[in-house]
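This report refers to the structure that appears directly beneath it.
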Amino acid sequence: MLLTFQQAKQQILQSVSTIKSLTSEKVGLFDALDRITAENVVSPINVPGFDNSAMDGYAVRLADLKQSTLLPQAGAIFAGDDISNLHWPKGTCLRIMTGAPVPNDADAVVMQEQTEKSDLGITFLREVKAGDNIRRMGEDVKQDAITVNKGTKLTIPTLSTLATLGIGELVVFRKLKVAILSTGNELTPIGEPLSGNGAIYDSNRFTLKLLLSKLNCEVVDLGIIADDPIQIKQALMTASSQADLVVTSGGVSVGDADYTKAALEELGTINFWKMAIKPGKPFAFGKIGNALFCGLPGNPVSALVTFYQLVQPLILALSGLEDSSVELSFKVKTATNLKKSVGRLDFQRGVLQINAQGELEVSTTGQQGSHITQSFNQANCFIVLEQERGNVAKGELVTVELFNALLK
């Protein structure tokens with residue numbers, strides 16, 4: 001019986017708890033981009049660190065404005081000024097600039113556009129409320145507050161916030177080590193001439209390196225392994241001893257050499273799955289030694305789809321990310337007919353765009369065979385067609401899953 005996609009994904013993610021957690025390390029703030037926090041990040045200071053003006057204008061006391069809306073200007077405060085010894089007479093106002101410290105007894109800052117200046121002083125033209133245009137201490141970030149939770153991927157906006165706190169180092173999980181290899185006598189390294197009519201280039205391993213690099217993994221590349229039982233067994237042993245996760249391409253579908261399967265079963269616990277998805281029906285998952293194992297199909301499109309949908313969330317979870325979901329999905333109308341056979345969940349490649357009426361719609365990229373690599377070139381989303389759904393007519397609603405940063 002074919003395993004459903006959700007059943008397979010659930011089993012894969014449940015396996016994370018069987019693997020020893022990654023150790024942590026300290027890195028500089030600049031080197032922390034895309035790393036995952038190994039502990040909560042607590043703010044050492046308040047931001048802002050003091051009450052300051054949000055506008056160029058005038059600092060006032062409400063009690064003074066009740067007496068008169070015309071107040072003499074008693075002085076000026078600029079950003080960076082020390083006002084600890086400031087003398088501010090009653091019945092006056094202070095010129096103040098954006099970012100400048102606000103005196104403790106100031107009730108509000110009035111923007112200069114709501115005033116008129118004359119030889120007699122400053123006339124305030126509108127009603128003033130307490131707290132107007134004052135940024136309060138700790139309004140953005142409070143001292144000792146958790147600013148970033150453990151298990152968070154560090155982005156540029158997050159790191160920019162931490163820079164305002166003066167934090168120079170962060171404790172992050174070490175990078176996940178992933179060993180990759182391809183199996184097959186027909187494979188030729190990229191850049192070398194093809195030898196023989198049956199030879200093909202080892203594009204999957206190249207693609208895996210790109211994907212893993214974007215996921216911030218440390219890659220152990222074991223190259224192409226010939227269809228030899230001793231070499232395959234040795235390569236898998238080496239991979240599992242050096243990495244947290246082993247990902248292979250080829251050798252998991254019906255008809256592949258028996259010694260590939262035999263080596264995997266001898267070395268570990270491997271489930272050879274046939275999943276009810278398209279593309280990517282054959283997929284192997286299990287454990288070799290202390291490393292988890294994922295065996296991708298050999299067809300390039302099938303390998304990419306199964307990596308994106310199954311291996312990517314596994315890697316994110318193993319890396320310590322609390323939220324390992326990868327999809328943003330919603331329903332739109334299809335602008336084209338879609339061919340689909342009942343029985344498997346189908347991840348077709350599509351183009352989501354805005355039509356002449358200003359509405360979102362999705363269209364197919366064309367041929368959807370597992371060997372048609374160009375189906376990904378123009379795509380920006382998956383069209384996810386339910387397992388029991390058949391052909392789809394133009395205008396019907398379909399589920400669209402936008403590509404995340406991994407495929408952009």
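The values are calculated or read from the model by the stated rules, or taken from the named source; none is laboratory data. Keep in mind that this is a model prediction, so the values were computed, not measured. Positions of Cβ are generated from backbone atoms using ideal geometry, with glycine treated the same way; all protein chains shown enter the neighbour counts.
Worth a mention:
- Region 365-408, residues that are of a type in the set (Val, Ile, Thr) and at pLDDT 95 or above: Ile383, Val384, Val392, Val398, Thr399, Val400
- Among residues of region 1-29, those that are free of Cβ contacts under 8 Å to residues at least 24 places away in the same chain and assigned to a helix (DSSP H, G or I), counted: 5
- Considering the conditions (1) surrounded by fewer than 16 Cβ atoms within 10 Å (Cβ to Cβ); (2) under 30 Å from Gly280 (Cβ atoms), Gln67 is excluded by exactly one of them, (2).
- Near pairs, Cβ below 6 angstrom, 6+ apart or cross-chain, from region 151-177 (free of Cβ contacts under 8 Å to residues at least 40 places away in the same chain) to any residue that is part of a loop (DSSP other than H, G, I, E, B) and among the acidic types (Asp, Glu): none
- Region 38-52: number of residues that are within 13 Å of Met137 (Cβ to Cβ) and of a type outside the set (A, V, I, L, M, F, W, C): 6
- Residue within region 183-191 that is touching a Phe, Trp or Tyr at 6+ places or on another chain (Cβ under 9 Å) and part of a strand (DSSP E or B) present: yes
- The set of residues from region 355-383 being hydrophobic (A, V, I, L, M, F, W, C), within 25 Å of the chain's Cα centre (by Cα) and surrounded by fewer than 19 Cβ atoms within 10 Å (Cβ to Cβ) comprises Leu360, Phe376.
- In region 103-136, the residues that are touching a residue at least 60 places away in the same chain (Cβ under 8 Å), part of a strand (DSSP E or B) and either out of contact with any Cys (no Cβ under 7 Å at 6 or more places or on another chain) or small (Gly, Ala, Ser) (or both): Phe124, Ile134, Arg135
- Test: residue in region 256-265 that is in contact (Cβ under 8 Å) with a residue 40 or more places away in the chain and under 24 Å from the mean Cα position of the chain (by Cα): no
- Look at (1) outside any strand (DSSP E or B); (2) of a type outside the set (Lys, Arg); (3) closer than 30 Å to Asn40 by Cβ and you find that Val178 fails only one, number (1).
- Only one of Leu170, Leu208 that is under 23 Å from Met275 (Cβ atoms) and not polar (S, T, N, Q): Leu208
- Within region 16-34, tally of residues that are modelled with pLDDT under 90 and among the hydroxyl-bearing types (Ser, Thr, Tyr): 3
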